[in-house]
Amino acid sequence: MGQEQYIEFAIEEEYYAIHIQDIHEIIKIQDITQIPNVTSYVEGVINLRGKIVPVISLRKFFNLEERDHSRTTRIIVVHHLEDTVGIIVDRVNKVTMFSDIQSPPERIGGIDGNYFVGIGLTNGGLVAILKLNEILLREQE
């Protein structure tokens, strides 16, 4: 039985993962065009080879302190339903597999546990696996 692969990334010192099949590509941070009247965690849009892609900040989504982008900042471009969305993260670590995935608690470090599929166990520690439906389909505030 083969294990499923995930891309592990970090926001500050917390580790998260997205199932590899949901990821279209990972790109360096680029110019983001801001758009008016959007939810606070929507950074704007980018032009990805002729396609306009909305970009969200996980840092803002999780109500973490904003920081300037660094040389390790990346945009993880995901396919979700019929859309393509970019997710800004502090750094991408590696492709990983989990020896075990546990159900998420009600809250993870002050963040609603509904945003996570589960908690993956690796040799390096615990990794929260994002539930893209909950994050990308969240009602506008």
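The values are calculated or read from the model by the stated rules, or taken from the named source; none is laboratory data. Because the structure is predicted, anything quoted here is derived from the model rather than measured. All Cβ positions, even for glycine, are placed from backbone atoms using ideal geometry, and neighbour counts span all protein chains on display. To get the accessible areas, we keep the full protein, side chains included, count just its heavy atoms, and leave off ligands, DNA and RNA. Shrake-Rupley method; radii C 1.70, N 1.55, O 1.52, S 1.80 Å.
Here are the numbers for the structure shown:
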quantity: Test set (1) at pLDDT 90 or above; (2) buried (at least 18 other Cβ atoms within 10 Å of the Cβ) - F62 fails condition number; calculated: (1)
quantity: Search result, residues across the stretch 33-48 that are surrounded by fewer than 18 Cβ atoms within 10 Å (Cβ to Cβ) and β-branched (V, I, T); calculated: T33, I35, V38, T39, V45
quantity: Residues satisfying the stated conditions in the stretch 65-79, i.e. over 16 Å from D22 (Cβ atoms), touching a residue at least 24 places away in the same chain (Cβ under 8 Å) and open to solvent by 20 Å² or more (accessible area, probe 1.4 Å); calculated: H69
quantity: Every residue from the stretch 101-141 that is in contact with a Pro (Cβ under 9 Å, 6 or more places away or on another chain) and modelled with pLDDT under 85; calculated: G113, N114
quantity: Selection within the stretch 27-59 - of a type in the set (K, R) and either farther than 20 Å from L130 by Cα or modelled with pLDDT of 95 or more (or both); calculated: K28, R49, K51
quantity: Near pairs, Cβ below 7 angstrom, 6+ apart or cross-chain, from the stretch 86-99 (under 14 Å from Q30 (Cα atoms)) to any residue that is open to solvent by 60 Å² or more (accessible area, probe 1.4 Å); calculated: D90/E12
quantity: Members of the stretch 89-99 that are open to solvent by 10 Å² or more (accessible area, probe 1.4 Å) and either on the phi > 0 side of the Ramachandran plot or not acidic (D, E) (or both); calculated: R91, V92, N93, K94, V95, T96, M97, F98, S99
quantity: Unmet requirement for E82, which otherwise passes all of (1) free of Cβ contacts under 8 Å to residues at least 60 places away in the same chain; (2) more than 28 Å from T122 (Cβ to Cβ); (3) open to solvent by less than 20 Å² (accessible area, probe 1.4 Å); calculated: (3)
